[in-house]
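Participant: Below is a structure I'd like to ask you about.
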Amino acid sequence: MERYNFKSIEEKWQKFWDKEKTFATKIDKNKKKFYCLEMFPYPSGKIHMGHVRNYTIGDVLARYKSLKGFNVLHPMGWDSFGMPAENAAKQNNLDPKTWTETNISNMKSQLKKLGLSIDWDREISTCSDDYYKHQQNFFLELLEKKLVYRKENYVNWDPVDETVLANEQVINGKGWRSGALVERKKLSQWFFSISKFSQKLLDGLDKLGNWPNKVKTMQKNWIGKSFGCEIDFKVEGNLPVKKIKCFTTRPDTLFGFSFLALSVDHAVSEFYKDNKEFNKFKKQCSKTGTTEEAIAVGEKIGFKTDLLAINPLDPKSKVPVYFANFVLMDYGFGAVFGCPAHDQRDFDFAKKYKLKIKTVVRPKNENDNFEVDKEAYAGPGILVNSDFLNGLEAPDQSILETIKILEQKKIGQKKINFRLKDWGISRQRYWGCPIPIVYDDKGEAHPVPKSMLPVKLPENVNLKVKGNPLDSQLDWKEIKINGKKFTRETDTLDTFVCSSWYYLRFCSPKESSYGFKKEDIDYWMPVDQYIGGIEHAILHLLYSRFFMQALSHNNSEFSLKEPFDGLFTQGMVCHETYKDPDGNWVSPEDIESIDGKKYLKQDKSKPITVGSSESMSKSKKNTIDPENIIANYGADSARLFILSDSPPEKDVQWSEEGIASSYKFIQKLWNLNLKILSEIKKDHEKDLDNEFEKRTNSFLKDITNNLEEFSYNKIIANLHEIYSFLIKQIEKPYKKLTLTENYKKILISITPIIPHFAYECLSQLNIKKLDWPTYDEKLLIKDKINIVIQINGKKRGLIESKPGISEDNLFEIITKDEKLNKYLIDKKINKRIYIKDKLLNIII
RNA sequence: GCCCUCGUGGUGAAAUUGGUAGACACAAAGGACUUAAAAUCCUUGCCGCUUGCGGAGUGCCAGUUCGAGUCUGGCCGAGGGCACCA
């Protein structure tokens, strides 16, 4: 048998696609468009298995849609600003631009080796000024719309990366990239007013029918809408403070009010700024919420003020006012009213400071003497001990009623609050998009005139200075505009800004006057299918949605609200983990198997312990380099295996056995191909029967349905099944036409999976024009079917029959069947349930 | 703590509207071919008894139904998200 030479065949077709520009796309209004987009990569230098999976899934879809007759846009680009470039450049004494460009060219050639159907003419890179000049222009547009502002604020400061992080980028009190404990620092920062769109971003989720619910839920929780009431509390004391505003979702528990708690950053703290004890307390608070220990313990601490707050519904009741560590300044008003009986956090605080705990809600199955004892009661019930509110049903009725009363008395007002905070976009880094702002000698910010865009990043900067290198780049920082001296903003934009609109740029990658052309956007957008990792469920996907809201805000020319019509989040690629006897991680490449046991290759006296399969990561050394895999097995084998084992949304286990078996399978397909070619030459006079056509037809139905449903693992199963059929049947005499027509259909339908192999086989049949093969419903009708026979719901046998057999005829066959009839002898039949052509259940 | 998702052989998984549980693979064992090995092909989910057949079986316990992996309720377990959000 001839061996399948994947190396030369894959190379041949990749060259062909390149030369013929097979995947280049233009607007064609006679065709329905399909925009297939995978999350673009950061150019770290090498592709990893996650990319292979992500882009293979996208490629299957893009190729399938294109065969179906859609005008498919399937572009690729580079998310090329960001810190790794800066760090790598510092270490290796080169500049981030060179480092990034080298990486891009490496990764591009690796991606090409996967045989992806990408329109490379549309390639973009966010670090190129062709790209970021439009981004600077968008920034200025949003500034004009008052959706960008600057304010001094406490920020999340990453001490290792020496930069500010957005709230979304702080994970368990640590920087998402560096893992360093995040500190609080006061800085002047630029913000996007994402919170203005909270309601719209929330409402938009309902329209995203093709998004996973999981992602929608995560965004919904992140936006965090809550309905409640703002209440003015009068206060007494020797400070010039008359009232304090609080936000609450449970105004109905106001009669249980026993303290008022303020954030240490609340305006009232001004009166304590010289108080030593207070400052000590404040310092203590700034630690909580950032150290892991504090989060785990979660102890509530307070600092008592000289103020007393008056219960607006019960003016005789006056309670102490505290500063407390659990009150956040940037939610609500930085002040909460404490009702210990019905809020666990308030309960803990009250216990610690021995404050009154008054029950005002009783569960329905308790009487009015019910008292909260060991923990707060937050469930539903009836209001008690609440004067004129007694008897109301909590929470729904009682909340609405109380708000009505508070509004009548002009003490409070209905209010909706969101957890979502504005997006801080300033980063104290060099390798990012410069913010097009300058400051005059008074420190006032001014936009850079649009005619002066792009504000280019200076080259040849000294990266080894402490802090932001742009700060010490004086020849860049100081400029004159119309003869007047200004200094530039030296912060650069968060790189998530770059990825918030790149999908628009793919529609008009060469347009120089603006970020995109209206005509292009009108045709291509929205993205029909976006594919990427779940890790971007909030960050990137929410920012992109916001960016469309912001661009379309007060803009009659641009009305797009949601960028991604469909979203698919693929699972991770996992691999077993290995450790040597000393407990060090060992790479799969350094392991040899002897008699089913694993040893260290370099030192075979060392046995290896096999650990659980986990997502591939450098730290656990369980990564597999796609480049080696492609070199040893070919791109088609890699694609076949990465699709085969698990559904695309779930994690997949990479294994050496798996990839080897995919490789063998392609060889088997090749052998089959050779057999079929020689059968075609024989050209028999008559078809033996039409079984071949029928089988092909049902295969086409399966593969089409599975492609539509993203069940790519099942497509591989379909391929295995059709192979098993063909290898057994193919030597039966079939007419040339039957053979070529059906084989052609099969080959076309597998081009999305193993394109190089399929194209090669198709070219041997001299087939150039590829259309998705349709299946014929009529051919799906079988002449023989198996009907399940159940006795009392239990399967007892199968009866082969022609379709459409009547219940009585079937029953007659059963009574003549020795095996089945033995269950019926001397039994009274109470009932028969017949599901036509499927099942007969006899109840005795 | 709150929210979401998921529990099917040794493993990854299939199973239209409730209607043959385990398709398709991986691993392991046995067998065929071979002087031998590799490669290839075939068989095997579990428990019984010799083949053949019988029994149990989709995390556990109930329920609905002629019939439940699928629907309902409760419990247990795993994974993910959020975390002082008032």
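The values are calculated or read from the model by the stated rules, or taken from the named source; none is laboratory data. Treat the numbers as computed from the prediction; the structure is a model and nothing was measured. Cβ: placed from backbone, ideal geometry, glycine included. Neighbour counts: every protein chain shown. SASA here: full protein model, heavy atoms, side chains in, ligands and nucleic acids out. Shrake-Rupley method; radii C 1.70, N 1.55, O 1.52, S 1.80 Å.
Participant: Taking the Cβ of A:GLY391 as the centre, find all other residues whose Cβ is under 13 Å away and add up their charges (Lys, Arg: +1; Asp, Glu: -1).
Facilitator: Numbers: positive: A:ARG362, A:LYS364; negative: A:ASP252, A:ASP368, A:ASP387, A:GLU393, A:GLU401.
Combined, the nearby Lys, Arg, Asp and Glu give -3.
Participant: Based on alpha-carbon centroids, what's the gap between segment A:536-614 and segment A:358-385 in Å, whole number please?
Facilitator: 48 Å
Participant: Which value in nm describes the separation of the simple spin-label points at A:LEU94 and A:LYS456, placed 7 Å from the Cα toward the beta carbon?
Facilitator: 2.1 nm
Participant: Based on the mean of other beta carbon atoms within 10 Å per residue, what is the order of A:6-19, A:97-110, A:494-507, A:814-827, most packed first?
Facilitator: Values: A:6-19: 15.4, A:97-110: 17.4, A:494-507: 24.1, A:814-827: 11.9.
Put in order of decreasing packing, that is A:494-507, A:97-110, A:6-19, A:814-827.
Participant: By the gyration tensor of its Cα atoms, with a ≥ b ≥ c the square roots of the eigenvalues, what is the shape of segment A:565-670: rounded for a/c under 1.5, prolate for a/b over b/c, or oblate? Mind dumping the intermediate values first?
Facilitator: Details: a/c = 2.47, a/b = 1.44, b/c = 1.72.
Oblate is the answer for segment A:565-670, as a/c is 1.5 or above yet b/c matches or exceeds a/b.
Participant: Over the Cα atoms of segment A:761-844, each weighted equally, I'd like the Debye log10 I(q)/I(0) at q = 0.21, 0.22 Å⁻¹, rounded to two decimals.
Facilitator: Here the Debye-derived log intensity ratios amount to -0.96, -1.03.
Participant: Between A:LEU674 and A:SER605, what is the spin-label point distance in nm, taking each point 7 Å from the Cα along the Cα→C-beta axis?
Facilitator: Reported label-point gap for A:LEU674 and A:SER605 is 4.8 nm.
Participant: With the contact rule set at Cα under 8 Å and sequence spacing of 6 or more, what percent relative contact order holds for segment A:138-287? Please report the intermediate quantities before stating the final value.
Facilitator: Working: 137 pairs, mean separation 21.8, N = 150.
RCO, segment A:138-287: 15 percent.
Participant: Given the C-alpha centroids of segment A:218-263 and segment A:724-790, what is the distance between them in whole angstrom?
Facilitator: 69 Å
Participant: Setting aside same-chain residues fewer than 8 positions from A:LYS29, which lysines have a Cα under 22 Å from its Cα?
Facilitator: A:LYS21, A:LYS65, A:LYS68, A:LYS510, A:LYS517, A:LYS518, A:LYS769
Participant: Would you mind checking which residues have amide H under 5 Å from A:SER617's amide H? H placed 1.01 Å from N; only 5 or more apart, or other chain.
Facilitator: So A:SER617 has HN proximity to A:ASN622, A:THR623.
Participant: Now for a separate question. Between A:LYS186 and A:LEU779, what's the calculated FRET efficiency when r is the beta-carbon distance and R0 is 51 Å? Round to 0.05. Don't jump to the answer; show the numbers that get you there.
Facilitator: Numbers: r = 73 Å, r/R0 = 1.44.
Calculated value: 0.10.
Participant: How large are Rg and Dmax for chain A when only the alpha carbon atoms are used, in Å?
Facilitator: For chain A, the Cα radius of gyration and maximum Cα-Cα distance read 34.1, 111 Å.
Participant: Mind checking the dipole of chain A: about its Cα centre, +1 per Lys or Arg Cβ, -1 per Asp or Glu Cβ, Debye to the nearest 20?
Facilitator: Around 720 debye, computed over chain A.
Participant: Place a +1 charge on the Cβ of each Lys and Arg in segment A:274-394 and a -1 charge on the Cβ of each Asp and Glu, then give the dipole magnitude about the Cα centre in debye, rounded to the nearest 20. If you can, show how the numbers build up before the last one.
Facilitator: Values: 18 positive and 18 negative charges, 99 e Å.
In debye, rounded to 20, segment A:274-394 gives about 480.
Participant: Suppose every Lys and Arg Cβ carries +1 and every Asp and Glu Cβ carries -1, with no other charges. What dipole size does segment A:519-658 come out with about its Cα centre, to the nearest 20 debye?
Facilitator: Numbers: 13 positive and 25 negative charges, 130 e Å.
The dipole magnitude comes to about 620 debye.
Participant: Moving to a separate point now. Near A:LYS97, within a Cβ-to-Cβ distance under 12 Å, what is the net charge of the other residues, with Lys and Arg +1 and Asp and Glu -1? List each step's numbers first, then the result.
Facilitator: Numbers: positive: A:LYS456; negative: A:GLU86, A:ASP95, A:GLU101, A:ASP129, A:GLU459.
That sum, taken over residues with Cβ under 12 Å, equals -4.
Participant: From the phi of every residue in segment A:568-578, what ³J(HN,Hα) in whole Hz does the Karplus formula 6.51 cos²θ - 1.76 cosθ + 1.60 yield, where θ is phi - 60° and glycine or proline is x?
Facilitator: 10, 10, 8, x, 8, 9, 10, 8, 4, 10, 10
Participant: Roughly speaking, what is the stretch gain from A:LEU239 to A:GLU535, that is 0.36 nm per residue apart minus the C-alpha to C-alpha distance, in nm to one decimal?
Facilitator: Full-extension gain reported as 101.7 nm.
Participant: Residues with amide H under 5 Å of A:LYS598's amide H, sequence separation 5 or more or different chain, H placed in the peptide plane at 1.01 Å from N; which?
Facilitator: Hits under the 5 Å cutoff: A:ILE608.
Participant: On a full-extension model of 0.36 nm per residue, what is the gain between A:LYS200 and A:LYS769, subtracting their alpha-carbon distance, rounded to one decimal in nm?
Facilitator: Numbers: separation 569, 0.36 × 569 = 204.84 nm, distance 4.60 nm.
Computed gain between A:LYS200 and A:LYS769 is 200.2 nm.
Participant: In Å², and per residue, what accessible area does chain A have when probed at 1.4 Å with the other protein chains present? Walk me through the numbers on the way to the answer.
Facilitator: Working: 40490 Å² over 844 residues.
In whole numbers, chain A has 48 Å² accessible per residue.
Participant: Averaging over every viewing direction, what projected area does the convex hull of the Cα atoms of segment A:662-774 cover, in nm²?
Facilitator: On the way: hull surface 26.0 nm².
Computing the convex hull of the Cα atoms and averaging its projections yields 6.5 nm².
Participant: Looking at chain A, what % of its DSSP beta bridges pair antiparallel, to the nearest 5?
Facilitator: Working: 85 of 108 bridges.
Given both bridge residues lie in chain A, the antiparallel proportion sits at roughly 80 percent.
Participant: For a protection proxy built on the mean count of beta-carbon atoms within 10 angstrom, sort A:454-462, A:263-271, A:424-432 highest first, please.
Facilitator: So the peptides A:454-462, A:263-271, A:424-432, ranked by packing, come out A:424-432, A:263-271, A:454-462.
Participant: Compute the acute angle (0 to 90°) between the alpha-carbon long axis of helix A:807-816 and the principal axis of greatest extent of the alpha-carbon atoms of chain A; round to the nearest 10°.
Facilitator: Tilt relative to chain A: about 60 degrees.
Participant: Now a separate question. Compute the FRET efficiency between A:LYS318 and A:SER559 as 1/(1 + (r/R0)^6), taking r as their Cβ-Cβ distance and R0 = 51 Å, and round to the nearest 0.05. Please report the intermediate quantities before stating the final value.
Facilitator: Numbers: r = 55 Å, r/R0 = 1.08.
Result of the calculation: an efficiency of 0.40.
Participant: Just to confirm the number: angle between the C-alpha axis of helix A:712-729 and the first principal axis of chain A, 0 to 90 degrees, nearest 10?
Facilitator: The answer is roughly 10 degrees.
Participant: Then there is this: Relative to the longest principal axis of the C-alpha atoms of chain A, give the angle of the C-alpha long axis of helix A:755-764, reported between 0 and 90° and rounded to the nearest 10°.
Facilitator: Approximately 30 degrees, to the nearest 10.
Participant: Kindly write out, for segment A:231-244 in residue order, the coupling ³J(HN,Hα) from the Karplus curve 6.51 cos²θ - 1.76 cosθ + 1.60 (θ = phi - 60°), rounded to whole Hz, with x marking Gly and Pro.
Facilitator: 10, 8, 9, 6, 10, 10, x, 8, 10, x, 10, 9, 8, 10
Participant: Then there is this: In segment A:696-774, with Lys and Arg counted as +1 and Asp and Glu as -1 at Cβ, which of these residues, A:ALA758, A:THR738, A:ILE716, has the Cα nearest the positive end of the dipole, that is, farthest along it?
Facilitator: It is A:THR738.
Participant: Something else now. Please list 3J(HN,Hα) in residue order for segment A:829-835, calculated via the Karplus relation 6.51 cos²θ - 1.76 cosθ + 1.60 where θ = phi - 60°; whole Hz, with x for glycine and proline.
Facilitator: 8, 7, 6, 10, 10, 10, 9
Participant: Another question, if that's okay. Where does chain A land at 222 nm, in deg cm²/dmol rounded to the nearest 500, when only DSSP H runs of n ≥ 4 count, each adding -39500 (n - 2.57), divided by all residues? The partial results should precede the final answer.
Facilitator: Details: 25 runs with 291 residues, N = 844.
About -10500 deg cm²/dmol.
Participant: So, one more: Could you grab the relative contact order for segment A:780-844? Cα pairs under 8 Å, six or more apart, rounded to a whole percent.
Facilitator: 39 percent
Participant: Give the residue from A:LEU254, A:SER619, A:LEU328 lying farthest towards the positive end of the charge dipole for chain A; charges sit on Cβ (+1 for Lys and Arg, -1 for Asp and Glu) and the dipole is referred to the Cα centre.
Facilitator: A:LEU254
Participant: Please work out the Cα center distance from segment A:394-429 to segment A:51-99, rounded to the nearest Å.
Facilitator: Cα centroid of segment A:394-429 versus Cα centroid of segment A:51-99: 42 Å apart.
Participant: Once label points are set 7 Å from the Cα along Cα→Cβ at both A:GLN284 and A:GLU519, what is their separation, rounded to one decimal in nm?
Facilitator: 6.9 nm
Participant: With unit charges on the beta carbon (Lys/Arg positive, Asp/Glu negative), name the residue among A:TRP190, A:PHE70, A:SER644 whose Cα is farthest towards the positive pole of the charge dipole of chain A.
Facilitator: Farthest towards the positive pole: A:PHE70.
Participant: Where Lys and Arg each count +1 and Asp and Glu each count -1, what net charge lies around A:TYR439 among other residues with Cβ under 11 Å from its Cβ? Don't jump to the answer; show the numbers that get you there.
Facilitator: Values: positive: A:ARG150, A:LYS442, A:LYS477, A:LYS485, A:ARG488; negative: A:ASP440, A:ASP441, A:GLU444, A:GLU478, A:GLU489.
Counting the neighbours of A:TYR439, the net charge comes to 0.
Participant: At a threshold of 8 angstrom on Cα-Cα distance, excluding pairs fewer than six apart, so keeping six or more, what relative contact order does chain A reach in percent? The partial results should precede the final answer.
Facilitator: Working: 1474 pairs, mean separation 110.7, N = 844.
So the answer I get is 13 percent.
Participant: Output the peptides A:554-567, A:782-795 sorted from most to least packed, where packing is the average of other Cβ atoms within 10 Å over each peptide's residues. All intermediate terms of the calculation are to be shown ahead of the outcome.
Facilitator: Details: A:554-567: 15.2, A:782-795: 13.5.
My ranking of the peptides, most packed first, is A:554-567, A:782-795.
Participant: What percentage of the solvent-accessible surface of chain A, computed with a 1.4 Å probe over protein heavy atoms, is contributed by carbon and sulfur atoms? List each step's numbers first, then the result.
Facilitator: Numbers: 19540 of 40490 Å².
With neighbouring chains kept in place, the figure for chain A is 48 percent.
Participant: Continuing with the same structure: Which whole number in µm²/s is D for segment A:1-104 by Stokes-Einstein, with the Kirkwood Rh taken over Cα pairs at 10 °C and 1.306 mPa s? The partial results should precede the final answer.
Facilitator: Working: Rh = 16.6 Å.
Estimated via Stokes-Einstein, D reaches 96 µm²/s.
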